[in-house]
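Here the structure is laid out as structure tokens; the discussion comes afterwards.
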Amino acid sequence: MKSTILSLATILVLFTSCKDDKKSETEVVAPTDLPFTITVNAIVEKDDTFQIFFNEDGKESYAPEDAITVNVTGKPQAQDIVFVLPEEITPMSLRFDVGANKELGQVKVNGFTLNYLDATFNGTSAQFFKSFYPNDNAEFDVVNNTIKLKSAEGKPYDPILGATVDLKTEMTKLYNKAQGK
């Protein structure tokens, strides 16, 4: 009798575990208890890979190992793209690499969030476009909240958005808020 009850309990646990795994694959939730996260809410219609580069000196140079890569599944609905930086990092500058898929065409940005410890900065799409500047492979359409991706003649395809002074200022305010200043 005990072995029958144990067998049924084991089967129940297995089915419950499988059910929970399927649910977690479809939901993306930005963690709030980690040191620094960047969440971009956007419509990305084709599969691609996005990266956030970071540094702690505030300059415009970024080491290849100082990047977080996120694979994005294309879909016509808005989705959160979440970048979680290593625990010991306090970035002073960011660079957003908007994919490698030349077929992507555009990304519609609805807003973005910066989290540091218990402090949060919620930015609108307008603030996103003030927080970054595009390179030759990207163009901002602020009326439609869109990053238009394009090839630049004679240059490799690598759409990059660099941090502006506005973004660095908001990051400093975030750190001060988290430290109670």
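The values are calculated or read from the model by the stated rules, or taken from the named source; none is laboratory data. Because the structure is a prediction, the values reported are computed rather than measured. Glycine gets a Cβ as well: all are built from the backbone with ideal geometry, and neighbour counts include every protein chain shown. Just so you know, the surface numbers come from the protein's heavy atoms only, side chains and all, with ligands and any DNA or RNA stripped out. Shrake-Rupley method; radii C 1.70, N 1.55, O 1.52, S 1.80 Å.
Here the condition is being in a loop (DSSP other than H, G, I, E, B) and within 21 Å of Asn110 (Cα to Cα); of Glu60, Glu45, it holds for Glu45 alone. Of the residues making up the range 68-91, those that are open to solvent by 60 Å² or more (accessible area, probe 1.4 Å) and not acidic (Asp, Glu) are Thr69, Asn71, Thr73, Lys75, Pro76, Gln77. Of the residues making up the range 153-171, those that are in contact (Cβ under 8 Å) with a residue 24 or more places away in the chain and either outside any loop (DSSP other than H, G, I, E, B) or open to solvent by less than 20 Å² (accessible area, probe 1.4 Å) (or both) number 10. Beta carbons closer than 7 Å, at least 6 apart along the sequence or on distinct chains, pair a first residue in the range 81-105 that is farther than 12 Å from Phe53 by Cβ with a second that is assigned to a loop (DSSP other than H, G, I, E, B) and aromatic (Phe, Trp, Tyr) for Lys102/Tyr157. Give me the residue from the range 141-152 that is more than 18 Å from the chain's Cα centre (by Cα) and open to solvent by less than 50 Å² (accessible area, probe 1.4 Å) and, out of that set, nearest to Glu60 (Cα to Cα). Checked the range 141-152; the qualifying residue nearest to Glu60 (Cα to Cα) is Ala152.
Within the range 92-101, being open to solvent by 30 Å² or more (accessible area, probe 1.4 Å) and closer than 25 Å to Ser151 by Cβ holds for Arg95, Ala100, Asn101.
Per-residue answers, yes or no, for (1) within 17 Å of Phe83 (Cβ to Cβ); (2) at pLDDT 95 or above:
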| residue | (1), (2) |
| --- | --- |
| Asp97 | yes, yes |
| Ala100 | yes, no |
| Val107 | yes, yes |
| Phe112 | yes, yes |
| Ala138 | no, yes |
| Asp141 | no, yes |
| Asn144 | no, yes |
| Ile147 | yes, yes |
| Glu153 | no, no |
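Of all the criteria given as (1) part of a strand (DSSP E or B); (2) in contact (Cβ under 8 Å) with a residue 60 or more places away in the chain; (3) more than 25 Å from Thr172 (Cβ to Cβ), the one not satisfied by Glu139 is (2). List the residue pairs whose Cβ atoms are under 6 Å apart, where the first residue sits in the range 42-63 and is farther than 17 Å from Glu88 by Cα, the second is acidic (Asp, Glu) and surrounded by fewer than 17 Cβ atoms within 10 Å (Cβ to Cβ), and the two are 6 or more positions apart or on different chains. Listed pairs, sorted by first residue: Lys46/Glu103.
Against the list (1) over 24 Å from Asn71 (Cα atoms); (2) open to solvent by less than 20 Å² (accessible area, probe 1.4 Å); (3) outside any helix (DSSP H, G or I); (4) not small (Gly, Ala, Ser), the condition Leu104 fails is (1).
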